[in-house]
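Undergrad: Dropping a structure here in structure tokens format, bear with me for questions.
No lab work stands behind these numbers, since they all come straight from the coordinates. Not measured: the values here are computed from a predicted model. Every residue, glycine as well, gets a Cβ built from its backbone with ideal geometry; the counts of neighbours run over all protein chains shown.
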Amino acid sequence: MRSTDPPNSFYRSWPSLACVRWVGALIAGSTLVLAGGVWASSMAGPLPSAGVDEIPAKVKNDLLSKYEKDRAGAVKKLAAIGGEEAWGLVLRALADRKGQVADIAQQVLASDDANEEVWERLRGKEGLQHSDEWVRLRAAEVFGRLAGPVEAKALVGVLSKRSPHASLAALRSLESLAARGALDWGKSAPRGQAQASKQVKSLLRADAAVAAQALLALAEWDGEAARGAAPKAFSSKEPLLRAAALLTAFRLEMATRMQWAQSALADEDAGVRGVAQRVLQRAGTRAALLLLVERLEHEPREKLLLDLLPRLQAMTGHKAGRHAAAWRRYAQDLPADW
């Protein structure tokens, strides 16, 4: 199982919730700072005995340095050295008190330097089952970057209303991996998917960010459940849920998708309106074009209004500035099946 590029955004080519500024701020704000002191406590006591691959004393010393640059450099060197002891120290670095060091540990754990033995440890108490939620979060993100197959059960085991940040990361990885066909559902795929659906559906009642991501993930392997949950989400007072419902409707080609998109274009929340613009651009139909043209006269936010013109031009190759009437004439002259 080799690593791949960072997971694709929502539904392969469809825009992701992460594309929306308020979603990105929400997620970024929740993951900037790791719990202090975990690294120091995890490093207490003697180091494991050296394996085949000898670790230079300087690397070990750098790993204990008060300077994060030294610790980050040591993590990179440990990944290059390899071996059980070196990877054990890299895994411990996921709990470093400075995010930069833990970021480096994530990167090397998702790289081709790592191997199945390392990822097996990451599935256990050194990663997905760690007592620290931030370590579980980082481990879940690592698995989302692997080419697969990745054991679905391990990621599903992270999901809990009591661990919203780790759950959000695990859901995003489940969504990405499922979209790429990179999840291993176990000996019985239907049973594995049913068990995952049960756990994911329980998070549809969690806070808005987790519930929205749960709906997006669910749509990748349980369309029936996602279709059933989407209408309630679209009528929610939470913008995140309305946006997720709209994305789900287009992903699953629900009959209500164009009606919802038209409503979302006039949503009170600019983020939801932005998602509506993007899904309609991706839809690329005459009906979608006409809906976007109407926003030239009604979109109150300048940024979204400026975004409309390149969207219209990308869809058609036509240029008519902000002149809604000219765009409307152009769109109306297109064949119905354009």
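Undergrad: Within 10 Å, Cβ to Cβ, of residue 157, how many net charges do the neighbouring residues add up to if Lys/Arg are +1 and Asp/Glu are -1? Write down the numbers at each step before the final one.
TA: Values: positive: 123, 136, 153; negative: 151.
It works out to a net charge of +2.
Undergrad: Something else about it: Put +1 on the Cβ of each Lys and Arg and -1 on the Cβ of each Asp and Glu in the stretch 89-162; which of 99, 147, 110 then has its Cα farthest toward the positive end of the dipole?
TA: Going by the charge dipole, the pick is 99.
Undergrad: For residue 112 and residue 325, what does the FRET efficiency come to when R0 = 56 Å and r is the distance between their Cβ atoms, rounded to the nearest 0.05?
TA: With a Förster radius of 56 Å, E is 0.50.
Undergrad: At what distance in nm do the modelled label points of residue 301 and residue 316 sit from each other, each positioned 7 Å from its Cα along Cα→Cβ?
TA: For the pair residue 301/residue 316, the computed spacing is 2.4 nm.
Undergrad: Please sort 299-309, 118-128 by packing, taking for each peptide the average over its residues of neighbouring beta carbons within 10 angstrom, highest first.
TA: 118-128, 299-309
Undergrad: Using 7 Å Cα-to-Cβ label points, what is the residue 334/residue 290 separation (nm, one decimal)?
TA: 1.1
Undergrad: If we count every other residue with Cβ under 14 angstrom of residue 286's Cβ, Lys/Arg +1 and Asp/Glu -1, where does the sum land?
TA: Once all neighbours under 14 Å are counted, the net charge is -1.
Undergrad: With the cut-off at 24 Å, tell me which of the pairs 58/125; 153/198; 198/232 have Cα atoms farther apart than that.
TA: Violating the 24 Å Cα-Cα cut-off are 58/125.
Undergrad: Further question on the same structure: Using just the C-alpha positions of the stretch 204-338 as equal point scatterers, what log10 of I(q)/I(0) does the Debye formula give at each q in 0.10, 0.17, 0.19, 0.21 1/Å?
TA: Cα-only, vacuum Debye calculation for the stretch 204-338: -0.34, -0.86, -1.01, -1.15.
Undergrad: Using the per-residue mean of other Cβ atoms lying within 10 Å as a proxy for protection, in what order, highest first, do the peptides 94-101, 159-166, 184-191, 199-206 fall?
TA: Working: 94-101: 20.9, 159-166: 16.9, 184-191: 12.2, 199-206: 18.4.
With the highest mean Cβ count within 10 Å placed first, the list reads 94-101, 199-206, 159-166, 184-191.
Undergrad: What is the spin-label model distance, in nm, from residue 125 to residue 153 if the labels are put 7 Å beyond Cα along the C-beta direction?
TA: Result for the modelled spin labels: 2.0 nm.
Undergrad: Same structure again: Just going by the charge dipole of the stretch 180-270, with Lys and Arg at +1 and Asp and Glu at -1 on Cβ, which of 203, 233, 258 is farthest out on the positive end?
TA: 203
Undergrad: Right, here's the next one. May I ask you to list the aspartates and glutamates whose Cα is less than 20 Å away from that of residue 303, ignoring any residue fewer than eight positions away on the same chain?
TA: Those aspartates and glutamates meeting the cut-off are 267, 268, 269, 294.
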